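The values are calculated or read from the model by the stated rules, or taken from the named source; none is laboratory data. Small disclaimer: the values here were computed from a predicted structure and weren't measured. Cβ: placed from backbone, ideal geometry, glycine included. Neighbour counts: every protein chain shown. Only protein heavy atoms, including side chains, enter the accessible area calculation; ligands, DNA and RNA are left aside. Shrake-Rupley method; radii C 1.70, N 1.55, O 1.52, S 1.80 Å.
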Amino acid sequence: MFGSQVLEIAIGLIFIYLLLSLFASAINEMIASLFSLRGKNLISALKIMLENSDWVDKFYDDPHIKKLSIRPIMNKVGLKTPPSFISKETFSKTFLRLLKTGEQVESAIPSLKKGIEENFNHDSLKILKDFVEEAGENIEEFQQKLEDWYDEMMRQATEWYRSKVRFILFVVGVIIAISVNANTIQIVKKLSINPETRQALVNAAEQLHAQGKENVLPPENDNRDFKEKIDDLSAKANQVLELTSTYSVLGIGWGEENVGKIKNIWDVLFLAAGWLITAFAISLGAPFWYDMLGRVVSIRSAAKTKSGS
C-alpha cells in the first residue's frame, strides 16, 4: 500500500514537471527563433572548425546558403536569420565550389590545394591538407572526409547548444515556478495527504503518456513556422493555467490561501527552496520527464498486476 502511494506521488509530480517543462520548452523555442540561437551556434561552430571568420562570412554569402536563411515572417519584420541547419552535403558542395574557383574537374585537386593554402592556417590547414593527401586524386573521397569532419563538429556543436538550452530552461523554470507558485516541497506534501487529487493526476498522466511521444513532445529539430510556435506556446500556457486552477489544492497558484501563508523569512526560504527544485526539474527538459513518466507508470502497472495475481 505504501509503495503504491509513493509511486502515485511520483507519477503526479512527474506529470506536473512534464507540463511545466513543455511550457518552458515552448518559451525556449520562441527565444531560439527570435534570437536565431541555433543559427548563431552553427556559425560559431564553423568558425572554430575552420579558424577563418572571413571565409565563414564568404560561405554564408553563397546563394545556396542564403536560400536556407529565408524565414517569411522573420524577414517581413526585417530580422535576418542565419540557417539553423546545413546538411553535410550542402556544406561540402559549397566548400568545394568556393575553393575550386571554376577550375575543370581534372584539375580540381591542384585548385583545391591552392584554395586551402590561401584561405586556411593553423590546425584547420593541417587537417584539410591531410584530407587532400589521404584522398589522392579522388575528389569524392576528399568530399567524404570533409563531410565526416563536419558531422563530428556538428555533434560537438549540438552538445554546446544543449548546454545553452539547459541554462535557458533553468532561468525560464525559475520564472515559471515563481509565477505559478510551483513549490515541489509543498506539492509532494499535499499529494501525500490527498488521495483523490493523487488519483486524478495519475489518470491524467497515463492519458497524456498514452498519446505517444510524437504527439506530446515538440520535434527535436524544430523547423516549424514561427506562427505555429506561437500557437504551441499559447496551448502550453493554457495547459499550465488549467493545472493551476484544477490542482490548486496542491498549493499551486497565488490564491489568497497561499499568499496568507507567507508570514516570516522561513516561509520565504521554504518557498524559494521549492521553486529552485522545480526550476532544476524543468531544466532537465520535457523528453526526460516523458521517458521518466513511462518508466514509473510501467513499474506501477507491473506492481498492480503482481499484487492482483
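Worth pointing out:
- Lone qualifier among 126, 145, 93, 114 - being in a helix (DSSP H, G or I) and closer than 15 Å to residue 55 by Cβ: 114
- Verdict on residue 11 being β-branched (Val, Ile, Thr), assigned to a helix (DSSP H, G or I) and either out of contact with any helix residue (DSSP H, G or I) (no Cβ under 6 Å at 6 or more places or on another chain) or open to solvent by 20 Å² or more (accessible area, probe 1.4 Å) (or both): no
- Criterion violated by residue 301 - all others in (1) within 23 Å of residue 27 (Cβ to Cβ); (2) among the hydroxyl-bearing types (Ser, Thr, Tyr); (3) open to solvent by less than 70 Å² (accessible area, probe 1.4 Å) satisfied: (1)
- Options 11, 16, 31; residue that is modelled with pLDDT under 95 and aliphatic (A, V, I, L, M): 31
- Failed item, numbered, when residue 252 is tested on (1) among the aliphatic types (A, V, I, L, M); (2) open to solvent by 60 Å² or more (accessible area, probe 1.4 Å); (3) in contact with a Ser or Thr (Cβ under 6 Å, 6 or more places away or on another chain): (2)
- Only one of 220, 206 that is surrounded by fewer than 18 Cβ atoms within 10 Å (Cβ to Cβ) and outside any helix (DSSP H, G or I): 220
- Inclusion of residue 265 among residues that are open to solvent by 80 Å² or more (accessible area, probe 1.4 Å) and modelled with pLDDT of 80 or more is warranted.
- Checked against (1) touching a helix residue (DSSP H, G or I) at 6+ places or on another chain (Cβ under 9 Å); (2) at pLDDT 85 or above; (3) assigned to a helix (DSSP H, G or I), residue 258 passes all but a single condition, namely (2).
- The residues listed here are 306, 236; of these, the one that is basic (Lys, Arg), in a helix (DSSP H, G or I) and open to solvent by less than 50 Å² (accessible area, probe 1.4 Å) is 236.
- Residue 188 vs. criteria out of contact with any Lys or Arg (no Cβ under 7 Å at 6 or more places or on another chain), farther than 30 Å from residue 51 by Cβ and open to solvent by less than 30 Å² (accessible area, probe 1.4 Å): no
Results for (1) of a type in the set (S, T, N, Q); (2) at pLDDT 80 or above; (3) under 24 Å from the mean Cα position of the chain (by Cα); (4) part of a helix (DSSP H, G or I), shown as yes or no for each residue.
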residue	(1), (2), (3), (4)
201	no, yes, no, yes
224	no, no, yes, no
241	no, yes, yes, yes
253	no, yes, no, no
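- Residue check, residue 173 without any contact (Cβ under 8 Å) to a residue 24 or more places away in the chain, open to solvent by less than 40 Å² (accessible area, probe 1.4 Å) and not acidic (Asp, Glu): no
- The lone exception for residue 295 - which of (1) open to solvent by less than 70 Å² (accessible area, probe 1.4 Å); (2) in a helix (DSSP H, G or I); (3) among the basic types (Lys, Arg) it fails: (1)
- Subset of segment 182-233 [of a type in the set (Ser, Thr, Tyr) and touching a Ser or Thr at 6+ places or on another chain (Cβ under 7 Å)]: 184
- Hey, residue 85 open to solvent by less than 70 Å² (accessible area, probe 1.4 Å) and modelled with pLDDT of 85 or more or not: no
- Scanning segment 268-286 for residues that are open to solvent by less than 70 Å² (accessible area, probe 1.4 Å) and part of a helix (DSSP H, G or I) yields 268, 271, 272, 273, 274, 275, 278, 279, 281, 282, 283, 286.
- Residue in segment 269-286 that is in contact (Cβ under 8 Å) with a residue 24 or more places away in the chain and in contact with a His (Cβ under 8 Å, 6 or more places away or on another chain) present: no
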